[in-house]
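Worksheet: one structure, shown below.
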Amino acid sequence: MSSQQHTVEKIGGTSMSNFEAVRDNIVMGNREHGDWYNRIFVVSAYGGVTDELLEHKKTGEPGVYALFADAESDWAWGDDLTKLVKFLTDLNAELFEDQMLRQQADQFIMDRVEGVRGCLIDLQRLCSYGQFQLEEHLLTVREMLAGIGEAHSAFNTSLKLQHEGVNARFVDLTGWRDNELLPLDEKLKQAFASIDLTRELPIVTGYAQCKEGLMRTFDRGYSEMTFSRIAVITEAKEAVIHKEYHLSSADPKIVGEDKVVPIGRTNYDVADQLANLGMEAIHPRAAKGLRQNDIPLRVKNTFEPEHTGTLITRDYVSEKPQVEIVAGHKGVFAIEVFDQDMQGEPGCDRRILDVLTRFKVRFITKDSNANTITHYVDSTLKHVKRVVRALKEEFPNGEICTRKVALVSAIGSDLQVPGILARTLQSLADEGIGILAVHQCLRQVDMQFVVKEDHYRPAIIKLHQTLIETHNHEYAIVAA
């Protein structure tokens, strides 16, 4: 496989749900027959499928996995799996007009689902004996269920493209009936060793079963790691992510589509800051491999194929210091630990972090002074209550307070603009938005403001207006 000749491209779930857009805007486009190749496509499950398989990403409503993991649900997961079969075959009916192709697609996914059903029944029976604990197998169950979604979309896409004259090849990394468990890189080398990219178009499952267990680290962000490692292992010239929207200067649903602009160029530092706020272009650990191997990442809008999108590279710095994007995170919990004994006592923060780690609670940012440490966490109220109980045991003389807040952030590859922080704070104050806390690091890639939760939208709108719209990126202040 010759290096630096091909791209590796990831297609998100919302885009995957629109096959015509994927075919016309991404796979074929205006390309001649021979130009369809020298690309590898890593696909996500269709929109909503992983929610049904695991649990709803936003509401937490249980899917098959959550019902199976809940000992009290007994056989409810089986009924949910039956509903899932109908959901998946209904998607097939929408995609395939040709009855023979639809039959093939239905048979493929039903074999997978029923195979998993049999496995789960056996596991449940086995774990009815005291020597076997269900908890020890739940991560494997989660991975096995997640893999169904990507296998479904990848198989269907390759089948449909083959029918339309493209030499597509289904590459199944889900480990279905594999005899050995390999490290991810080794698995990918084996999978692509026999593929001729000059005349084959691989359609690859976003989930890859491997020794490392991708869901242990990335949970539902696993497809980004698969995508990133494929780009590194195959020495791609560029990695491309196709989303249903541009990587824009703010969320168009908040600020307005007519006011946001695609970023165009930025660096991996900015991408990491976005990921920290839960608005990731790519998971930081997935970006790490691309950054280290100097592989550029391009984020494109599936529905605007002519637009070049946003190019993310390792060393890019904007020509002049400026804010490139305004982003934020609503529904953040501030967990404040106040203890007079903290002052001069090393290790207090480590004790707090140990508690957060024990309950698998991720913190976005933190601040501290002589006797107070506050962590801003992305979690549910249930988990926060557990954390608070544990912290009260850890700091019996301390006061533990929680508060629901929002974070808004102005991000750019170079924010070294004299007076920008003061002017930004003033603009928020003029809007009647109170600032609960402010964070700005020496690296000068972001400014974070903690505000009341109901001030989230107005703060995003005001920051975008002040830092991006009003001056059309021409707001750099010249020092007197």
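The values are calculated or read from the model by the stated rules, or taken from the named source; none is laboratory data. Since we're looking at a predicted model, the values are computed, not measured. A quick note on method: Cβ atoms are made from the backbone with ideal geometry, for glycine too, and the neighbour counts reach across all protein chains shown. The protein model used for the area step is the full one, side chains on, heavy atoms only, and it has no ligands, DNA or RNA in it. Shrake-Rupley method; radii C 1.70, N 1.55, O 1.52, S 1.80 Å.
Structure above, values below:
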read-out	value
Two-site label geometry, Leu425 and Lys211: point separation in nm, points 7 Å out along Cα→Cβ	5.2
Trypsin sites (Lys or Arg not before Pro) restricted to DSSP loop in region 185-236 with at most 14 other C-beta within 10 Å	Arg199, Lys211
Positive dipole terminus of the chain, leading residue within Ile148, Ser228, Met16 (C-beta point charges)	Ser228
The chain - percent relative contact order, Cα under 8 Å, separation 6 or more	14
Chain lengthening between Gln131 and Lys452 when straightened (0.36 nm per residue, less Cα-Cα)	110.6 nm
Prolate/oblate/rounded call for region 1-140, Cα gyration tensor, a/c under 1.5 rounded	prolate
Label-point separation in nm, Cys119 to Arg358, each point 7 Å along Cα→Cβ	3.3
Stokes-Einstein D (µm²/s) once Rh is taken as the Kirkwood radius of region 61-121 over alpha-carbon pairs, at 25 °C in 0.890 mPa s	197
C-alpha long axis of helix 138-163 to longest principal axis of the chain, angle in °	60
Cys441, Cys348, reordered so the largest accessible area comes first (probe 1.4 Å)	Cys441, Cys348
Cβ charges +1 (Lys, Arg) and -1 (Asp, Glu), total dipole of the chain, debye	620
DSSP beta bridge pairing in the chain, given as percent antiparallel to the nearest 5	65
Accessible area of Phe363 in the full protein assembly, 1.4 Å probe (Å², nearest 10)	70
Prolate/oblate/rounded label for region 208-308 (Cα gyration tensor, a/c 1.5)	prolate
Diffusion coefficient, µm² s⁻¹, Stokes-Einstein with Kirkwood Rh over alpha-carbon pairs of region 356-458 at 10 °C and 1.306 mPa s	102
Modelled FRET efficiency - R0 35 Å, Glu61 with Glu186, Cβ distances, 0.05 increments	0.40
Helix 76-95 axis, angle to the chain major axis (alpha carbon atoms, nearest 10°)	70
Förster radius 30 Å - calculated FRET efficiency between Asp70 and Met100, Cβ distance, rounded to 0.05	0.15
For peptides 423-430, 290-297, sequence by mean Cβ density within 10 Å, most packed first	290-297, 423-430
Rounded, prolate or oblate (a/c below 1.5 giving rounded, otherwise prolate when a/b exceeds b/c) for region 272-400 by Cα gyration tensor	prolate
Exposure rank, largest accessible area first [Glu94, Glu150; 1.4 Å]	Glu94, Glu150
Area accessible to solvent at Asp111, 1.4 Å probe radius, in Å²	90
Per-peptide average of other Cβ atoms within 10 Å, ordering 371-377, 222-228 highest first	222-228, 371-377
Rounded to the nearest 10 Å², the accessible area of Tyr245 at probe 1.4 Å	100
Principal-axis tilt of helix 381-394 within the chain, Cα atoms, nearest 10 degrees	60
Calculated Rg and Dmax of region 131-188 using C-alpha coordinates, Å	15.1, 54
By accessible area with a 1.4 Å probe, ligands and nucleic acids excluded, highest first: order of Cys119, Cys210	Cys119, Cys210
Cβ-derived FRET efficiency at R0 22 Å, Phe303 paired with Val261, nearest 0.05	0.85
Only Lys, Arg (+1) and Asp, Glu (-1) charged, at Cβ; region 261-405 dipole about Cα centre in debye	580
P(r) weight above 21 Å for region 81-219, C-alpha pairs, percent	50
Distance (nanometres) between label positions extended 7 Å along Cα→Cβ at Asp24 and Gln416	4.8
Assigned charges on the beta-carbon of Lys, Arg, Asp, Glu; region 273-344 dipole about Cα centre (debye)	320
Cα gyration tensor of the chain - equivalent ellipsoid semi-axes, whole Å, descending	39, 31, 20
